[in-house]
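What follows is a short report on a single structure.
The values are calculated or read from the model by the stated rules, or taken from the named source; none is laboratory data. Everything numeric in this text was worked out from a predicted model, so none of it was measured. Reconstructed Cβ throughout: ideal geometry from the backbone, glycine too, with neighbour counts over all protein chains shown. With ligands, DNA and RNA removed, areas are computed over all heavy atoms of the protein, side chains included. Shrake-Rupley method; radii C 1.70, N 1.55, O 1.52, S 1.80 Å.
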Amino acid sequence: LMAVTASFLEALAQSHLRFQAAFVRRFVASLAAKPFAILTGLSGSGKTQIALQFGRWLGEERVLLVPVRPDWTGSDALFGYEDALLAPREGRRAWHVPAALAFMLRAARDPDWPYLLILDEMNLAHVERYFADVLSGMESAEPCLPNLAQEEDGLWRLVPGQPERIPVPRNLFIVGTVNVDETTYMFSPKVLDRANTL
């Protein structure tokens, strides 16, 4: 943990970003302890930047920043949905797959490397409405992600002959950034109990 923190601090310095060493140590330790961390603070205090730089430090292709929208009212924003307008192929419907789901599926198929999903401004929508399945899946290790693959026609479908759902990958880390003001929603204990908050 000390070596990881020291290396990441050096990378931050090279990016011309300054954070207190103690805070960086807590951030790295919180992700080592739980794969879900919440960064809260004043707007412009560097929450998104430290998460983004940590993801880049892990590997440019293994970090994804997803801005949370106020209209996220269900799990479709993260998990996608079957597209009923497209004709099925061999009894399997095509799915609309948002970037977050494609990223989580890529992490699941690449278990030897860490992946970081950043949910920016996480509490612009009710977190429990769009994130409940992920929280449950992270805690229980039960399958919750649709087991999809992109096929040669460019559409995503369930993988034939495999379970319809897979667990949240163990190599996936999630960081949420949070501003607390009159335009945001408060977190429930269910969310706070499952995260480290800094």
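Couple of notes before you dig in:
- Residue that is nearest to residue 186 (Cα to Cα), among those in segment 98-114 that are open to solvent by 10 Å² or more (accessible area, probe 1.4 Å) and in contact with a helix residue (DSSP H, G or I) (Cβ under 9 Å, 6 or more places away or on another chain): 98
- Residue 83, sole failed condition from (1) modelled with pLDDT of 90 or more; (2) under 21 Å from the mean Cα position of the chain (by Cα); (3) open to solvent by 20 Å² or more (accessible area, probe 1.4 Å): (2)
- Going through (1) exposed (fewer than 15 other Cβ atoms within 10 Å of the Cβ); (2) part of a helix (DSSP H, G or I) one by one, residue 30 falls short only on (1).
- Tallying residues that are part of a loop (DSSP other than H, G, I, E, B) and surrounded by 13 or more Cβ atoms within 10 Å (Cβ to Cβ) within segment 39-69 yields 4.
- In this structure, residue 130 does not qualify as closer than 30 Å to residue 44 by Cβ and either in contact with a strand residue (DSSP E or B) (Cβ under 6 Å, 6 or more places away or on another chain) or surrounded by fewer than 19 Cβ atoms within 10 Å (Cβ to Cβ) (or both).
- Residues (within 11 Å of residue 196 (Cβ to Cβ), touching a residue at least 40 places away in the same chain (Cβ under 8 Å), hydrophobic (A, V, I, L, M, F, W, C) and out of contact with any Gly (no Cβ under 6 Å at 6 or more places or on another chain)) located in segment 12-46: 27, 31, 33, 36, 37, 39
Residues are listed down the side, and each one gets a yes or a no for (1) in a strand (DSSP E or B); (2) without any contact (Cβ under 8 Å) to a residue 40 or more places away in the chain:
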position: 103; (1), (2): no, yes
position: 130; (1), (2): no, no
position: 134; (1), (2): no, no
position: 149; (1), (2): yes, no
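- Put simply, of 95, 72 the only residue that is touching a helix residue (DSSP H, G or I) at 6+ places or on another chain (Cβ under 8 Å) and either surrounded by fewer than 20 Cβ atoms within 10 Å (Cβ to Cβ) or of a type in the set (Phe, Trp, Tyr) (or both) is 72.
- Residues of segment 133-153 that are open to solvent by less than 50 Å² (accessible area, probe 1.4 Å) and farther than 18 Å from residue 192 by Cβ: 144, 145, 146, 147, 148, 149, 151.
- Condition check for residue 167 on (1) crowded, with 22+ Cβ neighbours inside 10 Å; (2) without any contact (Cβ under 8 Å) to a residue 60 or more places away in the chain: one failure, at (1).
- Residues in segment 149-198 that are of a type in the set (A, V, I, L, M, F, W, C), in contact with a strand residue (DSSP E or B) (Cβ under 9 Å, 6 or more places away or on another chain) and under 29 Å from residue 45 (Cα atoms): 172, 173, 174, 175, 178, 180, 187, 191, 192, 195, 198.
- As a summary of the residue check, residue 156 satisfies the conditions (1) at pLDDT below 95; (2) in contact with a Phe, Trp or Tyr (Cβ under 7 Å, 6 or more places away or on another chain); (3) over 30 Å from residue 4 (Cβ atoms); (4) open to solvent by 20 Å² or more (accessible area, probe 1.4 Å) except for the one numbered (1).
- Flag if residue 134 is modelled with pLDDT of 90 or more, under 13 Å from the mean Cα position of the chain (by Cα) and closer than 13 Å to residue 102 by Cα: no
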